[in-house]
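These notes are about the structure you will find just below.
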Amino acid sequence: MGARDLATPSHRKASPPINVIIRPLNAACEQEIAWVAHRMRETLIEVLGAARGGGMYDLDWLKGRLEWHLDAEAVTGAVFVAARTDGTLVGHTLVRLDKDHNEQSVGLFATIYVDPAARRQGVGAALIRAGERWMAAQGMATAATYTAPDNDKLHRLFRAHGYALTPLNADFVTLRRAL
């Protein structure tokens, strides 16, 4: 599934930036893994609706997918979280090396999420920057994400960071940019 946005409608003004620390997920912390898996589900529901998004994957599958991104033998990937200075998680992104629809190597944002109360405060931008730095360190020249054609929030977030939107088919678009 594609990434999901963290921005609110464009007619709303951004709030002042909040102080967050972007760091790798603590893979030994079951609470952090559960938090991200639940937010992955919330992403699906927000983008696809309760019936389709809520029924697509159960939490065990999502937790497994998250853990797969952390398994260096299975994939070259990483999970970053955004935490307030008190440790409260307010966002995450899963990134990995992948092939795009043309079989070209890319750094892929598999998903991105910011808690609604922390949106439009720079958290999404910080997560994108962290993901891009990780992708560049892996030797990727291009970053991309896939999402639904009507995921306007994600489109706005990534386009604000230089990503170009390309329709692929009725179900997916890609947003990509050179690193």
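General remarks:
- Residue match in the range 25-38 (condition: in a loop (DSSP other than H, G, I, E, B) and over 19 Å from the mean Cα position of the chain (by Cα)): yes
- Close Cβ contacts (under 6 Å, 6 or more residues apart or on different chains) running from residues in the range 104-131 that are part of a strand (DSSP E or B) to residues that are small (G, A, S) and modelled with pLDDT of 95 or more comprise V106/A144; G107/A143; L108/A144; F109/G131; Y113/G91; V114/G91; V114/G124.
- Listed by first and then second residue, the pairs with beta-carbon distance under 9 Å, at least 6 apart or on different chains, first residue in the range 45-56 and in a helix (DSSP H, G or I), second among the acidic types (D, E) and modelled with pLDDT of 85 or more, are V47/D150; G53/E42; G53/E46.
- Close contacts from the range 166-179, counting a first residue that is free of Cβ contacts under 8 Å to residues at least 12 places away in the same chain and a second that is surrounded by 10 or more Cβ atoms within 10 Å (Cβ to Cβ), with Cβ to Cβ under 8 Å and a gap of 6+ residues or different chains, come to T166/V173; T166/T174; T166/L175; T166/R176.
- Selection within the range 46-97: residues that are at pLDDT 95 or above, of a type in the set (V, I, T) and buried (at least 19 other Cβ atoms within 10 Å of the Cβ). The member of this set that is farthest from the chain's Cα centre (by Cα) is V90.
- Matching residues, the range 129-148, being farther than 15 Å from T174 by Cβ and under 13 Å from the mean Cα position of the chain (by Cα): R129, A130, G131, E132
- Evaluation of D150 against (1) more than 17 Å from V20 (Cβ to Cβ); (2) in contact (Cβ under 8 Å) with a residue 24 or more places away in the chain (one fails), failing number: (2)
- Among residues of the range 57-114, those that are among the acidic types (D, E) and under 15 Å from Y146 (Cβ atoms), counted: 3
- Count of residues meeting criterion [surrounded by 14 or more Cβ atoms within 10 Å (Cβ to Cβ), assigned to a loop (DSSP other than H, G, I, E, B) and of a type outside the set (G, A, S)] in the range 135-178: 7
- Any chance T147 is farther than 12 Å from V106 by Cβ and not charged (D, E, K, R): yes
- Enumeration of residues in the range 68-93 that are out of contact with any helix residue (DSSP H, G or I) (no Cβ under 7 Å at 6 or more places or on another chain), in contact (Cβ under 8 Å) with a residue 24 or more places away in the chain and not aliphatic (A, V, I, L, M): H69, T76, R84, T85
The values are calculated or read from the model by the stated rules, or taken from the named source; none is laboratory data. Computed from a predicted structure; not experimentally measured. Quick reminder, even Gly has a Cβ in these numbers, built from the backbone with ideal geometry, and neighbours come from all protein chains shown.
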